[in-house]
1. For region 52-98: of the residues being over 16 Å from N19 (Cβ atoms) and of a type in the set (S, T, Y), which is farthest from the chain's Cα centre (by Cα)?
2. Can you name the residue in region 126-146 that is within 17 Å of the chain's Cα centre (by Cα) and free of Cβ contacts under 8 Å to residues at least 60 places away in the same chain and, of all such residues, is surrounded by the fewest Cβ atoms within 10 Å (Cβ to Cβ)?
3. So which residues in region 82-121 are polar (S, T, N, Q) and at pLDDT below 90, if there are any at all?
4. Could you grab me the full set of residues in region 77-91 that are touching a Ser or Thr at 6+ places or on another chain (Cβ under 8 Å) and surrounded by 13 or more Cβ atoms within 10 Å (Cβ to Cβ)?
5. Which of the residues belonging to region 55-69 are of a type in the set (A, V, I, L, M, F, W, C) and surrounded by 18 or more Cβ atoms within 10 Å (Cβ to Cβ)?
6. Could you check how many residues of region 92-125 are among the aliphatic types (A, V, I, L, M) and open to solvent by 70 Å² or more (accessible area, probe 1.4 Å)?
7. Would you mention how many residues in region 2-23 are surrounded by fewer than 16 Cβ atoms within 10 Å (Cβ to Cβ) and at negative phi?
8. Which residues, counting only those in region 97-111, are in a loop (DSSP other than H, G, I, E, B) and either touching a Cys at 6+ places or on another chain (Cβ under 7 Å) or polar (S, T, N, Q) (or both)?
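The values are calculated or read from the model by the stated rules, or taken from the named source; none is laboratory data. Values in this document were obtained by computation on a predicted structure and should not be read as measured data. Cβ sites come from the backbone with ideal geometry, for glycine too, and all protein chains shown count toward neighbours. Each accessible area value is taken on the protein alone, full model and side chains, heavy atoms only, with ligands, DNA and RNA left out. Shrake-Rupley method; radii C 1.70, N 1.55, O 1.52, S 1.80 Å.
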Amino acid sequence: MAYVPADFRKTVVFLGRDNQGETYVCGSAFWIINVQSPDELAKQYRPAYLVTAAHVIEELREQGVKSFRIRVNLKTGEAVWLDAMSTDRWKEHPDRTVDLSILKLGISEEWDHAGWPTTAFVTLDSIQEDHADIELGDEVFSVGLF
């Protein structure tokens with residue numbers, strides 16, 4: 001079974017929309033951060049980007065949904081829904097074959113969430129530098145709502 005780092009699990013949030021006073025979960029998203037040094041992680045405001053599948057945001061727009069909610073975990077152990085995230089603030093990837101939408105949104109210190117640093121992304125260069133071979137049967141993991 002693949003090991004999923006605890007900080008990676010903390011990158012995920014649920015997206016929801018109001019349905020007559022109830023919140024209907026319509027997808028999930030994850031935070032990434034672009035940091036240049038460990039010092040940047042210590043800043044009070046940590047700029048981050050929330051990433052989801054473009055079809056999730058497009059479906060909300062097609063349904064006439066103008067705003068949605070994000071469910072965040074608090075360091076107190078509770079979870080809350082944040083209201084009024086505009087669907088207009090999301091930006092889709094310019095290549096429409098890439099199912100990706102992104103929203104710039106900082107991570108509050110009260111939240112029990114973390115951003116996955118872009119420096120930890122697997123790239124062709126990082127595979128070549130690590131002399132890693134990705135082959136049939138290797139384990140992978142992802143987090144989110146399927």
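1. Within region 52-98, the match that is farthest from the chain's Cα centre (by Cα) is T76.
2. Filtering first and then ranking leaves F146.
3. Result: S86, T87, S108, T118, T119.
4. Within region 77-91, W81, M85, T87, W90, K91 qualify.
5. Within region 55-69, V56, I57, L60, F68 qualify.
6. Counting residues in region 92-125 that are among the aliphatic types (A, V, I, L, M) and open to solvent by 70 Å² or more (accessible area, probe 1.4 Å) gives 2.
7. 10
8. Within region 97-111, T97, S108 meet the criteria.
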